[in-house]
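The values are calculated or read from the model by the stated rules, or taken from the named source; none is laboratory data. None of these values were measured; they are calculated from a predicted model. When we count neighbours, we look across all protein chains shown, and the Cβ atoms used for this are built from the backbone with ideal geometry, even at glycine. For the accessible areas, the whole protein counts, side chains as well, though only heavy atoms, and no ligand, DNA or RNA atoms are used. Shrake-Rupley method; radii C 1.70, N 1.55, O 1.52, S 1.80 Å.
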Amino acid sequence: MTTIPSRARVVIIGGGIIGTSIAYHLGHLGWKDTVLIERDQLTSGTTWHAAGLMITFGSTSTTSTELRTYTRDLYANLEQETGLATGFKPVGFIELASDEGRLEEYRRVSAFNRYCGIDVQEISPSEVSALFPLAETNDVLSGFYVPTDGRVNPVDATMSMAAGARKQGVTIAQGVTVRSVNTRNGAVCSVTTDQGTIECEYVVNAAGMWARQLGEKSGVSIPLQAAEHYYLITEQMDGMDPTLPILEDPARFGYYREEVGGLMIGLFETVCAPWKVDGIPNDASFITLPPDWDRMSPYLETAMSRIPRSNETGIRTFFCGPESFTPDLQPIIGPAPEIRNYFVAAGLNSIGILSGGGLGRLVAHWIVDGDPGADVTAMHPDRLQPYQSNPEYRRTRTVESLGMVYQCHYPNRQLFSARDAKRSPLHDRLASHGAAFREASGWETPDWFAGPNQVADAGPLTWGRPSFWPQWQNEHRACREGSIVMDMSFMSKFRVKGQDAGRVLDHISGNTVDSESERITYTQWLSERGTLEADLTVTKLGDNDFLVVASDTAQRHVETHMTRHGADSRVSITDVTSAFAQINVQGPRSRELLQRITSADLSDVAFPFRTAREIDMGFARVLCTRITYVGELGYELFVPSEQAVHVYDLLTREGAHVGLVHAGLRSLASLRMEKGYRDYGHDIDNTDCPLEVGLGFALDFDKPNGFVGREALVARKALGPLTRRMVSVRLLDPQPLLHHAEIVCRDGIPVGYVRAASYGHTIGSAVGLAVISAGTEPLTATWIANGSWTIEVVDRHYEAEVSLRPFYDPSSSRVRG
Ligand SMILES: Cc1cc2nc3c(=O)[nH]c(=O)nc-3n(C[C@H](O)[C@H](O)[C@H](O)COP(=O)(O)OP(=O)(O)OC[C@H]3O[C@@H](n4cnc5c(N)ncnc54)[C@H](O)[C@@H]3O)c2cc1C
């Protein structure tokens, strides 16, 4: 037991790999006034029993890949600094592909990982056998080998980081339990422990699988859930050798490595078992759970069949321990929206060891600099919603989570559990029109339509053209040539009112949003560093009255951003997401259709682009905004939820006269991609400067009172021409598809990668948005024109066109038509 101080700048709760890594990195950043509080002993939660796989291969996200490579390098070198070895052994790692889907996935991943500096080699089955002779390789198509990956001892790595943290002056107190986190004026002020109170400025909840219930005490929602997680270790086995590489075979649910002369087989079963949904016992340490042999046997048999000799060897240990999983299999890292200076670092989904070093550094920088230094849109706590903490939700979703780790990550894959959590008012109407629903932040939203009275069947998952290609193409074309109706009720909507509403919104918006009434404005919100916080529209409805509309995943981020900037102002912010359905009517015949059901004059003169006005539609009053996210003449209708069905029925009845087509998210993606419209969290993120990602046109540098982030952008401009930019890319060959993370080459040299992509049914090829770099040269249209461009898709380079302007209607004449 250590005596705890009465004051500290930062209190970290939890001495697993994550909390300890944060302590280590805060110490290195000079924040020595940090205390780590551990209830029992360091590593006594989940960390002590981890298998210690240290793998950098496998992700197509730069953030995740950088976290992994940094972690590996840290574990490799830490002993020199702390005197304590981490047990890191670079024995190598092999991922097996034994079906075509995984082969394609790993080839795509390999190309991206190589671009990120990882030495991934595709090897033949006989080379796999040479490296891991006990493996059966008859059915193997290829192996993907990273010689510099390996294994680490999770306890030793934690202890080494703890030693490093102590050297920097950080206090580590074991045998102390945090009972509550206390707040004053909406911000953290202290923690109460079983041995007294510590006044503090920041708290990091790194309490592993206890993080949810600890957060709940302070009203912070952290929807993670522990699940059973298994490995076994055989008796000594001839041929096992500590220098053997780690082998992973997701198709057979298993990973394999040497352990004290025996074989360790770890399992990721497809249907898994949540543990203690009602709450993790507060006094449980070094937990081992009774294994459920009956449930696990089929998975185990399949996994053991990869190493046939394991069937002839006795089992020394059959281990089951709990690990935390999250609703979307991404960690929960960053500031909680509920309380200022309350950070969460939990929910590691079985990769806490291999990403722990990098995550510790990221969180430490986020606290010290206010900037995580990486794209955190996929891990930010505010992407998740409070209902996901419900016991029933966690119990239902977690059954699927663990198994998702080893699924082939086909581009159309959907989570099937915990569905139907949210339905738009139009749900039943859309279902009867043959909607194939997908989940958008819990909302069941049509992806594409099979047609009236048809049951949508997406067919087998594939990297190629999905079975619903013709329907998708039809919806896309209908939008370009006629009119479509699209339910986008999942969009987040806020009514912002009050004497200071215009001033606050204008201050945080890069564009001028407080101009004349009845006007919708596309804008970004920025950090003080001039990087993106949000991408949205602000509509001025009248004096002191605004509507803010952002994407579904941005709901809590946008609300927190406004609330904090408007804290001392006369402004009220109301989330009206559920109060209004959003029905988009788009396409060259959209005006003709709407004009049939409203007495309002929708002519271009009376209702020009960017107009927002309440109009009549049958018995309903509807806020009609003339705006588009697909690049056509179009309208977004905000309809009181209870009148949504009425308006929809009018639209579809009158739509019969103009050939109205139902369209889903699939065509939204392809339409907006042809037009080069950005999507925050997909192709743009919190690390991006709006100038670099082509959003400079939406900034008003001449606003009398400036805007948050303006000075940083002015400084950026002063540095000279941009050398890194977002561009539209398309393949010249109409056949291959782009999904994400494909490498873009200029004159054969990699210069960037595709951040998001779709298929341009109008331009006739795959199309995407990529960020590319010209090194030290100005990245101009001339520089682009002087290069010869290819994109690497599964080991082949395809000729490509690259442009600073969108491929579809670059002058936007159709939008204003
Ligand atoms: C069988 C198995 C194999 C695994 N293999 C791997 C692998 O090979 N590679 C990999 O990367 N990951 C692996 N993992 C996952 C990895 O173990 C976890 O992701 C990681 O250990 C999580 O670390 P943590 O710091 O978040 O949580 P923990 O290690 O659980 O730490 C949280 C700490 O918080 C403390 N605490 C809780 N409440 C309080 C409180 N109120 N006050 C004070 N302290 C508190 C707990 O005592 C605990 O020590 C595996 C997991 C399992 C179960």
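Under a 5 Å amide H to amide H cut-off, with H placed in plane at 1.01 Å, what residues pair with Lys422 once short-range neighbours are removed?
Glu444
What's the magnitude of the charge dipole for region 294-452 around its Cα centre, counting Lys and Arg as +1 and Asp and Glu as -1 at the beta-carbon? Answer in Debye, nearest 20.
Roughly 240 debye, rounded to the nearest 20.
Roughly how many percent of the accessible protein surface of the chain is carbon and sulfur, given a 1.4 Å probe and a whole-percent answer?
Values: 14470 of 29570 Å².
Carbon and sulfur together cover 49 percent of it.
Taking the Cβ-Cβ separation of Arg465 and Glu392 as r and a Förster radius of 45 Å, what is the calculated FRET efficiency to the nearest 0.05?
Given R0 = 45 Å and the Cβ-Cβ separation, E is 0.75.
For Ser218, tell me the accessible area in Å² from a 1.4 Å probe, rounded to the nearest 10.
Using a 1.4 Å probe on the heavy atoms, I get roughly 30 Å².
Give the shape of region 704-817 as rounded, prolate or oblate, defined through the alpha-carbon gyration tensor: a ≥ b ≥ c are the square roots of its eigenvalues, a/c under 1.5 means rounded, and otherwise the shape is prolate if a/b is larger than b/c and oblate if not.
oblate
Once the Cβ-Cβ distance between Thr197 and Ser569 is put in as r, and R0 is 41 Å, what FRET efficiency do you end up with, to the nearest 0.05?
Efficiency for this residue pair is about 0.80.
Show me, bin by bin at 10 Å from 0, the whole-percent P(r) of region 221-372 based on Cα pairs.
P(r) for region 221-372, in whole percents per bin: 10, 32, 31, 19, 7, 1.
Taking the Cα centre of the chain as origin and charging only Cβ (+1 Lys, Arg; -1 Asp, Glu), how large is the dipole, in debye to the nearest 20?
Magnitude of the dipole: close to 1580 debye.
Subtracting the Cα-Cα distance from 0.36 nm times the residue separation, let me have the gained length for Phe697 to Lys217 in nm, one decimal. Present the calculation step by step, with values, prior to reporting the outcome.
Details: separation 480, 0.36 × 480 = 172.80 nm, distance 4.51 nm.
Stretched out fully, the Phe697 to Lys217 stretch lengthens by 168.3 nm.
For region 603-672 and region 674-743, write down the distance between their C-alpha centroids in whole Å.
Rounded to whole Å, the Cα centres lie 28 Å apart.
Against the longest alpha carbon principal axis of the chain, how many degrees, from 0 to 90 and to the nearest 10, is the axis of helix 100-115 turned?
90
With a ≥ b ≥ c taken as the square roots of the eigenvalues of the C-alpha gyration tensor of region 1-58, please select rounded if a/c is under 1.5 and otherwise prolate if a/b is larger than b/c or oblate if it is not?
oblate
Residue farthest toward the positive end of the dipole of the chain, with Cβ of Lys/Arg at +1 and Asp/Glu at -1: which of Tyr70, Ile172, Trp783?
Trp783
Taking Cα atoms of region 35-75, Rg/Rh with Kirkwood Rh, to two decimals?
On the Cα set of region 35-75, Rg over Rh gives 1.10.
Compare the peptides 783-794, 139-150 by average per-residue count of other Cβ atoms within 10 angstrom and give them in order, highest first.
139-150, 783-794
Beta carbons within 10 angstrom, averaged per residue: use that to sort the peptides 600-610, 734-744, 797-807, highest first.
Values: 600-610: 13.6, 734-744: 19.5, 797-807: 17.5.
Put in order of decreasing packing, that is 734-744, 797-807, 600-610.
Taking amide hydrogens as modeled 1.01 Å from N in the peptide plane, which residues meet the under 5 Å criterion relative to Arg438, leaving out close sequence neighbours?
Answer set, sorted by chain and number: Thr445, Asp447.
Can you compute 3J(HN,Hα) from phi for each residue in region 586-598, using the Karplus curve 6.51 cos²θ - 1.76 cosθ + 1.60 with θ = phi - 60°, rounded to whole Hz and x for Gly and Pro?
Per residue, the Karplus-derived 3J(HN,Hα) values read 9, x, x, 9, 5, 5, 4, 5, 5, 5, 6, 10, 9 Hz.
From the phi of every residue in region 537-549, what ³J(HN,Hα) in whole Hz does the Karplus formula 6.51 cos²θ - 1.76 cosθ + 1.60 yield, where θ is phi - 60° and glycine or proline is x?
Each residue's phi maps through the Karplus curve to give 10, 10, 10, 8, 7, x, 4, 6, 8, 9, 10, 10, 10 Hz.
State log₁₀ I(q)/I(0) for region 529-597 at q = 0.22 Å⁻¹ as given by the Debye formula over alpha-carbon point scatterers of equal weight, solvent excluded.
For the requested q values the scattering log ratios are -1.12.
Just to confirm the number: angle between the C-alpha axis of helix 644-655 and the first principal axis of the chain, 0 to 90 degrees, nearest 10?
Helix 644-655 sits at roughly 60 degrees to that axis.
If you scale each eigenvalue of the Cα gyration tensor by 5 and take the root, what three semi-axes come out for the chain, rounded to whole angstrom and sorted largest first?
44, 32, 26
Return one number: the angle in degrees, 0 to 90 and rounded to the nearest 10, between the long axis of the Cα atoms of helix 665-674 and the longest principal axis of the Cα atoms of the chain.
Long axis of 665-674 versus the principal axis of the chain: about 80 degrees.
Could you tally the net charge around Ala303, taking each other residue with its Cβ under 9 Å from the Cβ of Ala303, Lys/Arg +1 and Asp/Glu -1?
With Lys, Arg at +1 and Asp, Glu at -1, the neighbours total 0.
With r defined as the distance between the Cβ atoms of Ile749 and Ser812 and R0 fixed at 41 Å, what FRET efficiency is calculated, to the nearest 0.05?
0.80
On a 1.4 Å probe surface of the protein chains, which of Ser670, Ser572 comes out largest in accessible area, and what is the full order? Show your work: numbers first, answer last.
Details: Ser670 0, Ser572 60 Å².
Ranked from most to least accessible, the order is Ser572, Ser670.
Report the charge-dipole magnitude of region 587-746 in Debye, nearest 20, computed about the Cα centre from +1 at each Lys and Arg Cβ and -1 at each Asp and Glu Cβ.
Roughly 380 debye, rounded to the nearest 20.
Pairs of lysines 8 or more apart, or on different chains, with alpha carbons under 23 Å: count those in the chain, would you? Spell out each step's value before the answer.
On the way: Lys32/Lys167; Lys217/Lys276; Lys422/Lys493; Lys493/Lys540; Lys497/Lys540; Lys497/Lys703; Lys540/Lys703; Lys703/Lys717.
Summing the qualifying lysine pairs gives 8.
Under the Karplus relation 6.51 cos²θ - 1.76 cosθ + 1.60, θ = phi - 60°, what is the ordered set of whole-Hz ³J(HN,Hα) values for region 794-799, x standing for Gly and Pro?
Per-residue couplings from phi come out as 6, 6, 10, 9, 10, 4 Hz.
Using modelled backbone amide H atoms (1.01 Å from N, in-plane), which distant-in-sequence or interchain residues come within less than 5 Å of Glu122's amide H?
It is Tyr145, by chain and number.
In Å³ and rounded to a whole number, note down the convex hull volume per residue for the Cα atoms of region 484-541.
106
Highest first, please rank the peptides 286-297, 400-411, 153-164, 770-781 by the mean number of other Cβ atoms sitting within 10 Å of their residues. Before the final figure, lay out the partial values.
Working: 286-297: 13.1, 400-411: 19.0, 153-164: 23.6, 770-781: 15.8.
By packing density, highest mean first, the sequence is 153-164, 400-411, 770-781, 286-297.
Working from the pairwise distances between different alpha carbons, so that the mean of 1/r is found and then inverted, what is region 553-648's Kirkwood radius in Å?
Values: mean 1/r = 0.0672 Å⁻¹.
One over the average 1/r among Cα pairs gives 14.9 Å for region 553-648.
Net charge near Ser811: determine it from the other residues with C-beta under 15 Å of the C-beta of Ser811, scoring Lys and Arg +1 and Asp and Glu -1.
+1
Net charge near Phe253, counting Lys/Arg +1 and Asp/Glu -1 over other residues with Cβ under 11 Å of its Cβ?
On the way: positive: Arg252, Arg306; negative: Glu248, Asp249, Glu269, Glu301.
Its environment carries a net charge of -2.
Of the options Val271, Leu224, Pro281, report the single residue whose Cα projects farthest towards the positive end of the charge dipole of region 221-286 (beta-carbon charges: Lys, Arg +1; Asp, Glu -1).
Farthest towards the positive pole: Leu224.
Residues of region 572-596 with amide nitrogen under 18 Å from the 7 Å Cα-to-Cβ point of Glu614?
The answer is 574-583, whose backbone nitrogens lie closer than 18 Å to the label point.
State in Å² the accessible area per residue of the chain; use a 1.4 Å probe, count heavy atoms of protein chains only, and round to the nearest integer.
36
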